[in-house]
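Presented below is the structure to which this report refers.
The values are calculated or read from the model by the stated rules, or taken from the named source; none is laboratory data. These numbers were taken from a predicted model, which means no experiment stands behind them. Every residue, glycine among them, receives a Cβ derived from its backbone with ideal geometry; neighbour counts consider all protein chains shown.
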Amino acid sequence: MPRITFATIVKLLIASFLVGLGLALFDVTPREVVAWGRDLLREIATDFWGWASWALSYVLLGAVVVVPVWAVFYLLRALRRRS
């Protein structure tokens, strides 16, 4: 695991200062950045659950056909092995 050195801390401070200065030029506040991140995560979760429910409906629709066909072939194969 890499060590955190004094030089690393100084680089992080300088980068934070420069990014903060740039965001301040556009009147962006830390609260807005946190709210944007929270809204983004909420939107990603909503999109994911929407996609998952859409996909699940197609899986269930296909399973209505696939599972019985598979069960018939499985039983036929099992009967052949017994003979």
From the option list Arg38, Arg80, Arg42, single residue qualifying as assigned to a helix (DSSP H, G or I), more than 19 Å from the chain's Cα centre (by Cα) and charged (D, E, K, R) is Arg80
Could you say which residue among Val59, Val69 is within 30 Å of the chain's Cα centre (by Cα), at pLDDT 95 or above and part of a helix (DSSP H, G or I)?
-> Val59
Evaluate the following for Val19: is it on the phi < 0 side of the Ramachandran plot, surrounded by fewer than 10 Cβ atoms within 10 Å (Cβ to Cβ) and assigned to a helix (DSSP H, G or I)?
-> no
